[in-house]
């Protein structure tokens, strides 16, 4: 029996990152703009870290996620379209949290800590002539307000304008539990330079990790051809990026969160071909709510990281599988329109 069987109870849950207690997700988007924001909001400050692999990342507040830095907890994570303009989204999520009285305390002052990452969707269609200031701060605020346990997959939030080399991208999520009952969930905005499907086929690279037909149940081809493995990528720098968030109810330090993010990044390699290219800004955040101790600090973290990679791969495939088309000229088709 493969090691992942027998330790996945996602089917009894929502199969979303919000299966981790204390985690909520909110979207805000604008179809006229063709872009949006997704906020991952934690009910209380949590330990977190990050792993960056893509050649063109766009991030905010990731330096403080280094285990050597002072601040121990974060309040939310903002994912946004809009390329560098979308970094304003974190200010909106921060404003929402400040209104709730959240944040790192310095005497009577409180500063909500909201790391963020962006993807490039400026050429996916929509009206980007927004005037003096981009709209992402207000979208970030609205995403914070909208944060809940249930949320949309596919073309929503930060995934509204997301694409891959051949298909519409979008927001995906999945969850699982370890044999010790620790929950791990993934949220991802799929805007990869490469492909999530195999060559010209309908099957997904992540098919070996699929649960209960969550992205079509088509399985993996018996044999890969040269065409399946051929290099295909978006043709210009800065047009891509897959953004991932891993959450768990395990009790982890910042250093352990960093190792969890590193291991989870392998899920991208299992689900996207090619991955971590000079054209991508691929990043994975990892956050731990601290509800359940690991049975063993080494082997427990190893199992958790291994499962996180599976869950991230599944979430990436779901993001493409659940996407719907955009009403713009030359918009890429969605998976269901092409293959169903």
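Computed quantities for the displayed model
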item: In the stretch 107-118, residue nearest to the chain's Cα centre (by Cα) [restricted to those that are without any contact (Cβ under 8 Å) to a residue 40 or more places away in the chain and not in a strand (DSSP E or B)]; result: 112
item: Any hit, the stretch 252-274, residues being out of contact with any strand residue (DSSP E or B) (no Cβ under 6 Å at 6 or more places or on another chain), without any contact (Cβ under 8 Å) to a residue 12 or more places away in the chain, in a loop (DSSP other than H, G, I, E, B) and surrounded by fewer than 18 Cβ atoms within 10 Å (Cβ to Cβ); result: no
item: Qualifying positions in the stretch 166-198 - farther than 21 Å from residue 80 by Cβ and not in a loop (DSSP other than H, G, I, E, B); result: 174, 175, 176, 177, 183, 184, 195, 197
item: Among (1) surrounded by fewer than 24 Cβ atoms within 10 Å (Cβ to Cβ); (2) modelled with pLDDT of 95 or more; (3) in contact with a helix residue (DSSP H, G or I) (Cβ under 9 Å, 6 or more places away or on another chain) - the single one residue 110 does not satisfy; result: (2)
item: Test set (1) out of contact with any strand residue (DSSP E or B) (no Cβ under 6 Å at 6 or more places or on another chain); (2) within 19 Å of residue 282 (Cβ to Cβ); (3) not in a loop (DSSP other than H, G, I, E, B) - residue 138 fails condition number; result: (2)
item: Flag for residue 217 being without any contact (Cβ under 8 Å) to a residue 24 or more places away in the chain, surrounded by fewer than 24 Cβ atoms within 10 Å (Cβ to Cβ), within 22 Å of residue 189 (Cα to Cα) and more than 14 Å from the chain's Cα centre (by Cα); result: yes
item: All strands (runs of 3 or more DSSP E) inside the stretch 22-104 with 1 or more residues being at pLDDT 95 or above and surrounded by fewer than 17 Cβ atoms within 10 Å (Cβ to Cβ); result: 35-52
item: Within the stretch 119-138, tally of residues that are without any contact (Cβ under 8 Å) to a residue 24 or more places away in the chain and under 10 Å from residue 83 (Cβ atoms); result: 0
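The values are calculated or read from the model by the stated rules, or taken from the named source; none is laboratory data. Every value quoted in this text rests on a predicted model; they were computed, and no experiment measured them. Note that each Cβ is placed from the backbone with ideal geometry, even for glycine, and that neighbours are counted across all protein chains shown.
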